[in-house]
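Notes to accompany the following structure.
Each value in this text was obtained by applying a stated rule to the coordinates, not by laboratory testing. It should be emphasised that the depicted structure is a prediction, and the values quoted were computed from it without experimental measurement. As a convention, Cβ positions derive from the backbone with ideal geometry for all residues, glycine included, and neighbour counts pool all protein chains shown.
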Amino acid sequence: MFLSAPPAASVTALPRSYYAATAAPRPPRPALGGDVTADVCVVGAGMTGTAAALHLAERGYTVHVLEEHVTGFGASGRSGGQLIAGFAGGLGPVRSQLDPAAVQAYWDLGVEAVTLVKDLIRRHDIACDLVSGHVDVALKARHVAELEATAAEWQRLGYDGLDLWDRETIRARVASPHYVGALYDPGGGHLHPLNYTLGLAAAAERAGAVIHEGTPMQTFEETRDGVVVRTPHGTVRARWLVLCGNAYLWRTVPAIGARIMPVGTYIVGTAPLGAARARALISGNEAVTDLNFVLNYFRLSADHRLLFGGRVSYSRVEPRSVAAAMARTLHRTFPDLAGVPVEYAWGGYVAITINRMPHFGRLGRHTLFAHGFSGHGVGLTSLAGKLMAEVVAGQAERFDLFARIRHLPFPGGRLLRTPLLVAAMMAHRVRDWL
Ligand SMILES: Cc1cc2nc3c(=O)[nH]c(=O)nc-3n(C[C@H](O)[C@H](O)[C@H](O)COP(=O)(O)OP(=O)(O)OC[C@H]3O[C@@H](n4cnc5c(N)ncnc54)[C@H](O)[C@@H]3O)c2cc1C
């Protein structure tokens, strides 16, 4: 099974994946039974929720985290693991809404997000196979022009180290006949996303946070001085509620769900290739993303597999032959891998927003949320957790910079928004072919 539909309340284990097979040991995290009080209740134990819990607990707050399934069950335990600087939507939506100084501050937070991930890994000694280097690859001349514009814009914003690669260079670095140019960013990289999440969870627990697995938030209500959060076997009364359910939260919190769309994306993992063959594919071991709107992304694992992702599904219906289709795309991209078997195939939900910028905000006086990272969450989620902890501590400026960006709801309401998005995506797909 690739996808577990967002509301699957009975599922408590991780889906079969390369990450689940190589996960760090995890302690038992019993469900909430009874009523507790806390400074903060965090909902969701992915990267956002565990990072929020860690930063809050380090500041001395009492924190209870409610996770419907298990830690890392959502996108955080399934993702491509690509640590990518910048924002999926570029800076256009920010430039149209903020003055130049605020745009620079917004950009600087994005840079801080990537640095923060590396700091957290180092500070908490998280074994998650972190590797430096990310490459955006161009499939056509139009993409090369886009990469040149991106490099110029990032450099104007003060981002150093970027390198534009021509056709010969990228073909020497990534053994695929399809790429005609690239933008190399030594600041990006890749990591084992499940083990990063489990490492954040363990660090949060060491700092005093309590994580309850198998504990769905069913409802919440704001009171005069806080929130009451109800679960099947207990309640949490807290001064603050921090919602980190991302693509899975739209049913329980429809007020914010309309502004994100859960989109299925899939990854296949080959059998181990051996160190030499793996290095022949991606000689610098970078994470690689192509520039198509419906994009492919890939990288090597620590045990020398190729982890290859792509192929989105907007229908929330699992495509039956997705593993076979993904394997065909992989072999088309890397003809030298013909005959190499695929050993893992899994999928998950990315939460996208219309403008592809992350959606941060408040619901009432005591409830914060951050979601809709639109495929850039490996970097941005830890910062989201940190900024929500800052709000609880009375320092809201940095969170509010993100929260100032307006987000439109997906058109069509509950019934029509998926078909409308499918139609829009088909239009983008046609453009990818041109
Ligand atoms: C296949 C795939 C590939 C991806 N590749 C990349 C990539 O290469 N680079 C990148 O930057 N991003 C990538 N992403 C996106 C990235 O993984 C996400 O942005 C990020 O993990 C989001 O983290 P999160 O903690 O906000 O959400 P999640 O990890 O989804 O965690 C949300 C958690 O909340 C829990 N939850 C929800 N509702 C409730 C409730 N009512 N009660 C209790 N618990 C609840 C869920 O069970 C879940 O565990 C990818 C995503 C997928 C699915």
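Compute the angle between helix 377-392 and the longest alpha-carbon principal axis of the chain, please, reported from 0 to 90 degrees and rounded to the nearest 10.
Compared with the principal axis, the helix lies near 20 degrees.
Springs between alpha-carbon atoms under 10 Å, Gaussian network over the chain: tell me which of VAL242, VAL36, VAL94 tops the mean-square fluctuations.
In this elastic network of the chain, the residue with the biggest mean-square fluctuation among VAL242, VAL36, VAL94 is VAL36.
Using θ = phi - 60° and the Karplus curve 6.51 cos²θ - 1.76 cosθ + 1.60, what whole-Hz ³J(HN,Hα) does each residue of segment 341-354 get, with Gly and Pro shown as x?
x, 8, 9, 9, 8, 8, x, x, 9, 8, 9, 10, 10, 4
So what is the calculated 222 nm ellipticity per residue for the chain, using -39500 (n - 2.57) for each DSSP H run with n of 4 or more, over all residues, to the nearest 500 deg cm²/dmol?
Numbers: 13 runs with 148 residues, N = 434.
Result for the chain: -10500 deg cm²/dmol, rounded to the nearest 500.
Principal axis lengths of the chain from Cα atoms, whole Å, largest first?
That gives 63, 47, 46 Å along the principal axes, largest extent first.
Read phi for every residue in segment 114-125 and hand back ³J(HN,Hα) as whole Hz from Karplus 6.51 cos²θ - 1.76 cosθ + 1.60, θ = phi - 60°, with x for Gly and Pro.
Ordered by residue, 3J(HN,Hα) equals 5, 5, 4, 4, 5, 5, 5, 4, 5, 5, 9, 6 Hz.
Could you tell me which residue out of GLY214, LEU164, GLY187 lies farthest along the dipole of segment 129-265 toward its positive end? Charges go on the beta carbon: Lys and Arg +1, Asp and Glu -1, centred on the Cα centre.
Positive-end residue among those listed: GLY214.
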